[in-house]
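A.B. asks: Take this structure, written in structure tokens, and hold onto it; I'll ask about it next.
The values are calculated or read from the model by the stated rules, or taken from the named source; none is laboratory data. Quick caveat: nothing in here was measured; it's all calculated off a predicted structure. Cβ sites come from the backbone with ideal geometry, for glycine too, and all protein chains shown count toward neighbours.
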Amino acid sequence: MKISVVGTGYVGLVTGTCFAETGHDVVCVDIDADKVQKMVAGQIPIYEPHLEGLFQRNIKEGRLNFTTNLKDGIEDARVIFLALPTPPGEDGSADLSYILSAAEEIGKILDKYTIIIDKSTVPVGTAEKVTKKIKQNAKVGFDVVSNPEFLREGFAVDDFMKPDRVVIGTSSQKAIKVLKELYRPFVRQGNPIYFMDERSAEMTKYAANSFLATKISFMNEIALLCEKTGVDVDQVRLGIGSDERIGKRFLFPGIGYGGSCFPKDVKALIHTAGENGCTVDILDAVTRVNDRQKKVLVNKVIEYFGGNIKGKKFALWGLAFKPDTDDVREAPSLTIIAELIRLGASVVASDLEAMNNVKASIKDKALTFEKDHYKACAGADALIIATEWALFRSPDFKVLKGILKDAVIFDGRNLYEPKEMYRRGFYYSSIGRAIVDGRQQ
């Protein structure tokens, strides 16, 4: 099947590459000429585990191609995926200008029946808006389908190739037949394809992400209460996570959620509620808790240093909003860096994949970068951990004690056991657990 994917961000590139891997002829379209030129030359523009191998193989086999020309890209396509950005506006609404602009142009080009699929996360009613835009120019039949993605950065390839479910919003039997064929290789183990109306599919994506964000903020609230009452949040997490009605996932306390989905989608759902005369008090609280949680480590640092961190130097391990990605959109690390610098401190940051992205967005002499995470700690007044990369889970603590100015760690991801850190002679402050200070043993 000839497939076109308009947009080559995380979603678009994973979508195009994985469909090519199952034998389809895929053309990815992007307006960024430099990016397209690099992809044609085999340079992958994002970091995502397991993606580069598939990317290289399918380019070599001729199944995965790239162009800046929309007409060339969608020519003869049976299915066109729209995987374009929907950035949040000041009021939290999703900006649909990229999608609607592409839809208008596609309408001018279509010369046969085609299925146009909204793969981007879009508000309820977007399929109708896309249909209207295409109809302004189209002289042939078409169907607009909502097919939201449920990809986790760091696991996107596995999530696409082995989805726990596929959600498709359409009332067209013609489209249903084609999409059953398209997704058949991915659900051979019996995982379901849910067909529903377009609006329900659009809402399903927002509701899913907002619910997961709610679980995270709930546990961060519980973690705060645990600290105040002398309770170990990890024990609480295990105790409630074993209840199958709750589940074990998304119960780890930390320094807030980030990335391209949760912050944007929660705000967009709040905006949709407002447009329809509804209040969503729980989601309002989820956002407030998350904003507060991003500053929790900074508050701990300020308290430890007696309210003044001017002139202090901090090592920061982790910049990406989560491990196994280079994505720093809405990352808690950025809030931490901004607050520390605002208060007169300097930061030496280390991350396995995301340093270049932060270098491009933050230009401040108080922020420097060090590829070697141990070197980042040399002479630092304390170490702050913001991302749970596997490399950070088992450091050489003897080395750390020798290069830090003082054996002080503020851990936003609960990587280490407090009792063990006490035994090793560290001051160790984490999330939802007792602070320990083993330096005076």
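A.B. asks: Give segment 252-279 a look and list any residue that's part of a loop (DSSP other than H, G, I, E, B) and either assigned by TED's automatic domain parsing to the domain that holds Tyr10 or surrounded by 16 or more Cβ atoms within 10 Å (Cβ to Cβ) (or both), or say none.
C.D. replies: Those that are part of a loop (DSSP other than H, G, I, E, B) and either assigned by TED's automatic domain parsing to the domain that holds Tyr10 or surrounded by 16 or more Cβ atoms within 10 Å (Cβ to Cβ) (or both): Phe252, Pro253, Gly254, Ile255, Gly256, Tyr257, Gly258, Gly259, Ser260, Cys261.
A.B. asks: Let me ask another. All but one of (1) closer than 27 Å to Glu353 by Cβ; (2) at pLDDT 95 or above; (3) surrounded by fewer than 16 Cβ atoms within 10 Å (Cβ to Cβ); (4) not aliphatic (A, V, I, L, M) hold for Glu128, so report the exception by its number.
C.D. replies: (1)
A.B. asks: Among the residues of segment 294-346, which ones are charged (D, E, K, R) and either assigned to a helix (DSSP H, G or I) or under 30 Å from Pro49 (Cα atoms) (or both)? Show your work before the answer.
C.D. replies: Residues of segment 294-346 charged (D, E, K, R): 294-295, 300, 303, 310, 312-313, 322, 324, 326-327, 329-330, 339, 342.
Within segment 294-346, Lys294, Lys295, Lys300, Glu303, Lys322, Asp324, Asp326, Asp327, Arg329, Glu330, Glu339, Arg342 meet the criteria.
A.B. asks: For the condition in a loop (DSSP other than H, G, I, E, B), modelled with pLDDT under 95 and out of contact with any Cys (no Cβ under 7 Å at 6 or more places or on another chain), what is the one hit in Arg249, Arg245? Don't jump to the end; show me each part of the working.
C.D. replies: Working: Arg245 fails: modelled with pLDDT under 95.
Testing whether each residue is in a loop (DSSP other than H, G, I, E, B), modelled with pLDDT under 95 and out of contact with any Cys (no Cβ under 7 Å at 6 or more places or on another chain) leaves just Arg249.
A.B. asks: Go through (1) more than 21 Å from the chain's Cα centre (by Cα); (2) closer than 30 Å to Ala380 by Cα and name the single condition Gly258 misses.
C.D. replies: Condition not satisfied by Gly258: (1).
A.B. asks: A follow-up question, please. Looking at Gly379, Gly311, can you tell me which residue is over 23 Å from Pro253 (Cβ atoms), touching a helix residue (DSSP H, G or I) at 6+ places or on another chain (Cβ under 8 Å), surrounded by fewer than 18 Cβ atoms within 10 Å (Cβ to Cβ) and not hydrophobic (A, V, I, L, M, F, W, C)? Talk me through it step by step, then tell me what you get.
C.D. replies: Details: Gly311 fails: touching a helix residue (DSSP H, G or I) at 6+ places or on another chain (Cβ under 8 Å).
Answer to the check: Gly379.
A.B. asks: Related question: So, in segment 196-222, how many residues would count as being in contact with a strand residue (DSSP E or B) (Cβ under 7 Å, 6 or more places away or on another chain) and surrounded by 23 or more Cβ atoms within 10 Å (Cβ to Cβ)?
C.D. replies: 3
A.B. asks: For residues that are under 22 Å from Glu330 (Cα atoms) and either among the aliphatic types (A, V, I, L, M) or assigned by TED's automatic domain parsing to the domain that holds Ala223 (or both), tally how many sit in segment 296-309. Before you say what the answer is, go through the steps one by one.
C.D. replies: Just the residues of segment 296-309 that are under 22 Å from Glu330 (Cα atoms), to begin with: 296-301.
Filter again for either among the aliphatic types (A, V, I, L, M) or assigned by TED's automatic domain parsing to the domain that holds Ala223 (or both), leaving 296-298, 301.
The number of residues fulfilling the criteria is 4.
A.B. asks: Which of the residues spanning segment 315-330 are surrounded by fewer than 24 Cβ atoms within 10 Å (Cβ to Cβ) and farther than 19 Å from Lys264 by Cβ?
C.D. replies: Listed by number, the residues that qualify are Pro323, Asp324.
A.B. asks: Can you find even one residue in segment 414-436 that is of a type in the set (A, V, I, L, M, F, W, C), within 25 Å of Gln293 (Cα to Cα) and out of contact with any strand residue (DSSP E or B) (no Cβ under 9 Å at 6 or more places or on another chain)?
C.D. replies: Initial filter on segment 414-436 (of a type in the set (A, V, I, L, M, F, W, C)): 415, 421, 426, 431, 434-436.
Those left that are additionally within 25 Å of Gln293 (Cα to Cα): 415, 421, 426, 431, 434-436.
This time we only want the ones that are out of contact with any strand residue (DSSP E or B) (no Cβ under 9 Å at 6 or more places or on another chain), so: 434.
The answer is yes; a qualifying residue exists.
A.B. asks: Here is a check on your reading of the model: is Lys119 crowded, with 20+ Cβ neighbours inside 10 Å, closer than 22 Å to Glu75 by Cβ, assigned by TED's automatic domain parsing to the domain that holds Leu70 and not β-branched (Val, Ile, Thr)?
C.D. replies: yes
A.B. asks: Could you tell me whether Ile431 is outside any loop (DSSP other than H, G, I, E, B) and assigned by TED's automatic domain parsing to the domain that holds Phe305? Write out each step before concluding.
C.D. replies: Details: outside any loop (DSSP other than H, G, I, E, B): no; assigned by TED's automatic domain parsing to the domain that holds Phe305: yes.
No, not satisfied.
A.B. asks: Can you tell me how many residues in segment 25-60 are surrounded by 19 or more Cβ atoms within 10 Å (Cβ to Cβ), free of Cβ contacts under 8 Å to residues at least 40 places away in the same chain and not aliphatic (A, V, I, L, M)?
C.D. replies: Number of matching residues: 1.
A.B. asks: Of all helices (runs of 4 or more DSSP H) completely enclosed by segment 1-78, which ones contain at least 3 residues that are within 20 Å of the chain's Cα centre (by Cα)? Lay out the reasoning, then the answer.
C.D. replies: Values: elements: 10-21, 33-40, 51-60, 70-74.
Ranges flagged: 10-21.
A.B. asks: Then there's this: Could you please let me know if Lys60 is over 26 Å from Ala175 (Cα atoms), modelled with pLDDT of 95 or more and assigned by TED's automatic domain parsing to the domain that holds Asp159?
C.D. replies: On the way: over 26 Å from Ala175 (Cα atoms): yes; modelled with pLDDT of 95 or more: yes; assigned by TED's automatic domain parsing to the domain that holds Asp159: yes.
When the stated conditions are applied, Lys60 passes them.
A.B. asks: Mind listing whichever residues of segment 176-205 are over 23 Å from Glu21 (Cβ atoms) and of a type outside the set (Ser, Thr, Tyr)? Break it down into steps so the answer makes sense when it comes.
C.D. replies: Filtering segment 176-205 for residues over 23 Å from Glu21 (Cβ atoms) gives 176, 194-205.
Scanning segment 176-205 gives Ile176, Phe195, Met196, Asp197, Glu198, Arg199, Ala201, Glu202, Met203, Lys205.
A.B. asks: Please determine whether any residue of segment 192-210 is modelled with pLDDT of 95 or more, under 21 Å from Phe410 (Cα atoms) and assigned to a loop (DSSP other than H, G, I, E, B). Write out each step before concluding.
C.D. replies: Here is the first cut: in segment 192-210, the ones modelled with pLDDT of 95 or more are 192-210.
With the extra rule that they be under 21 Å from Phe410 (Cα atoms), the set shrinks to none.
So far as segment 192-210 goes, no, none of its residues is modelled with pLDDT of 95 or more, under 21 Å from Phe410 (Cα atoms) and assigned to a loop (DSSP other than H, G, I, E, B).
A.B. asks: Could you please tell me which pairs satisfy a Cβ distance under 6 Å, a separation of 6+ or placement on different chains, a first residue in segment 378-404 that is closer than 21 Å to Ser333 by Cβ, and a second residue that is among the charged types (D, E, K, R)?
C.D. replies: Gly379/Lys405; Ala380/Lys313; Asp381/Lys312; Asp381/Lys313; Asp381/Lys405; Ile385/Asp411; Ile385/Arg413; Glu388/Arg413
A.B. asks: Turning to a different aspect of this structure: Which numbered condition trips up Asp372, out of (1) without any contact (Cβ under 8 Å) to a residue 12 or more places away in the chain; (2) among the charged types (D, E, K, R); (3) closer than 26 Å to Thr325 by Cβ?
C.D. replies: Answer for Asp372: the failing condition is (1).
A.B. asks: While we're on this one: Based on what the data block shows, is Glu330 out of contact with any helix residue (DSSP H, G or I) (no Cβ under 8 Å at 6 or more places or on another chain), among the acidic types (Asp, Glu) and over 26 Å from Ile403 (Cα atoms)? It would help to see each step written out before you state the result.
C.D. replies: Details: out of contact with any helix residue (DSSP H, G or I) (no Cβ under 8 Å at 6 or more places or on another chain): no; among the acidic types (Asp, Glu): yes; over 26 Å from Ile403 (Cα atoms): yes.
So Glu330 fails the test.
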